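Presented below is the structure to which this report refers.
The values are calculated or read from the model by the stated rules, or taken from the named source; none is laboratory data. Note that the coordinates shown come from a computational prediction; the quantities given were computed from them, not determined experimentally. FYI the Cβ positions are ideal-geometry reconstructions off the backbone, even for glycines, and counts take in every protein chain you see. Remember, those area values only see protein heavy atoms, side chains included, never the ligands or the DNA or RNA. Shrake-Rupley method; radii C 1.70, N 1.55, O 1.52, S 1.80 Å.
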Amino acid sequence: MARGGRYKMESFGTNMQILNRDIIKYIAVFAMLLNHIARIFLPTGSAPALALEFIGYFTTPTMCYFLVEGYRYTGSKKRYGQRLLFFAVISQIPFSLVFQFNNLNMIYTLLCCFLILVVREKVQDQFLQRVLSISLTLATMVADWALIAPVFTILFHDSGGEKRGLARGYIMGYAFYAFVMTQSYMVESGYAIQKAVLLGLLSGTGIIASAVVILLFYNGKRARRGRTFSKWFFYIFYPGHLLVLYLFKGYVAG
């Protein structure tokens, strides 16, 4: 692995690696925006809503991957964690306003994933490390992307940035997610098992897209310009777009 902010991975064809970290993150936040638009404004379970929701599932595994990468190369893990905590707190009100339930937001989930990485680095006792990692994973049960994001974070961390390990992580993460979603479609939506399985498999489309982008098109670099802007944009966009969607939802309803 290279130093200085790069995460050099074994190549599967370097001539295809044309996307830097910031471009991929912009794609991820756009996919998230489509997901949230579908959940707020489109009829639940309709084909357009499902399509946009599935596209939006590109975001979480992608951000978990960059969380692992960023943790390895951040200049200050303390400030990294503080940023996640700060934006988890300020994002909660717009998140609750938009989705009208008591779950915690996605940045809280990423904070738990960050703490799992801290535990895996700092805690030497293997039993205590497992207990704390499991506890932090379970702490996401009250938040968006419960369990799924910690699983992806651990799988990506265990890969060490090696592409075959990442590919295995994506496959295992996709299988786990498809299983969870199939159960959700059966229990919460009341779908027959055939439809639930089909939707469970299709719901992982965004995860597959994330795997393709990271494994084949990511060049391990950051953008040459606008790094500070991009860094803060990704934090501010989350509560900002939720607030805008909430206000627009009220405008349409009024």
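If you check TYR174, TYR191, TYR170, which single one turns out to be more than 23 Å from CYS113 (Cα to Cα) and among the hydroxyl-bearing types (Ser, Thr, Tyr)?
Going through TYR174, TYR191, TYR170 in turn, just one is more than 23 Å from CYS113 (Cα to Cα) and among the hydroxyl-bearing types (Ser, Thr, Tyr): TYR191.
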Please go through the range 203-239 and give me each residue that is more than 17 Å from LEU19 (Cα to Cα) and loosely packed, with under 14 Cβ neighbours inside 10 Å, ordered by number. THR228, PHE229, TRP232, ILE236
In the range 172-208, what residues are in a helix (DSSP H, G or I), in contact (Cβ under 8 Å) with a residue 24 or more places away in the chain and either out of contact with any helix residue (DSSP H, G or I) (no Cβ under 8 Å at 6 or more places or on another chain) or over 15 Å from ALA51 (Cα atoms) (or both)? GLY173, TYR174, PHE176, TYR177, ALA178, VAL180
Residue satisfying all of: in the range 14-26; in a helix (DSSP H, G or I) and touching a strand residue (DSSP E or B) at 6+ places or on another chain (Cβ under 8 Å); least open to solvent (accessible area, probe 1.4 Å) among these: ILE24
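May I ask you to list the residues in the range 209-239 that are in a helix (DSSP H, G or I) and basic (Lys, Arg)?
Hits for the range 209-239 are ARG227, LYS231.
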Can you tell me which of ALA146, ALA139 is hydrophobic (A, V, I, L, M, F, W, C) and not in a helix (DSSP H, G or I)? ALA146
Mind telling me which of the residues THR153, THR140, THR109 ends up being buried (at least 18 other Cβ atoms within 10 Å of the Cβ) and touching an Asp or Glu at 6+ places or on another chain (Cβ under 7 Å)? THR109
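For (1) hydroxyl-bearing (Ser, Thr, Tyr); (2) closer than 22 Å to GLY240 by Cβ; (3) touching a Gly at 6+ places or on another chain (Cβ under 9 Å); (4) modelled with pLDDT under 95, each residue gets a yes or a no:
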position: LEU52; (1), (2), (3), (4): no, yes, no, no
position: TYR57; (1), (2), (3), (4): yes, yes, yes, no
position: GLU69; (1), (2), (3), (4): no, no, yes, no
position: ARG79; (1), (2), (3), (4): no, yes, no, no
position: PHE114; (1), (2), (3), (4): no, yes, yes, no
position: GLU121; (1), (2), (3), (4): no, no, no, no
position: ASP125; (1), (2), (3), (4): no, no, no, no
position: LEU128; (1), (2), (3), (4): no, no, no, no
position: LEU136; (1), (2), (3), (4): no, no, no, no
Which condition does ASN103 not pass, out of (1) of a type outside the set (A, V, I, L, M, F, W, C); (2) closer than 22 Å to TRP232 by Cα; (3) at pLDDT below 95; (4) surrounded by 15 or more Cβ atoms within 10 Å (Cβ to Cβ), if it passes all the others? (2)
Residue among ARG72, ARG79, ARG39 that alone is touching a helix residue (DSSP H, G or I) at 6+ places or on another chain (Cβ under 7 Å) and part of a helix (DSSP H, G or I): ARG39
Which one is modelled with the highest pLDDT among residues in the range 212-254 that are more than 17 Å from the chain's Cα centre (by Cα) and of a type in the set (D, E, K, R)? LYS221
Restricting attention to the range 47-82, which residues are open to solvent by 30 Å² or more (accessible area, probe 1.4 Å) and without any contact (Cβ under 8 Å) to a residue 40 or more places away in the chain? ALA47, PRO48, ALA51, LEU52, THR74, GLY75, LYS78, ARG79, GLN82
What is the one condition in (1) open to solvent by 50 Å² or more (accessible area, probe 1.4 Å); (2) assigned to a loop (DSSP other than H, G, I, E, B); (3) in contact (Cβ under 8 Å) with a residue 60 or more places away in the chain that GLN124 does not satisfy? (3)
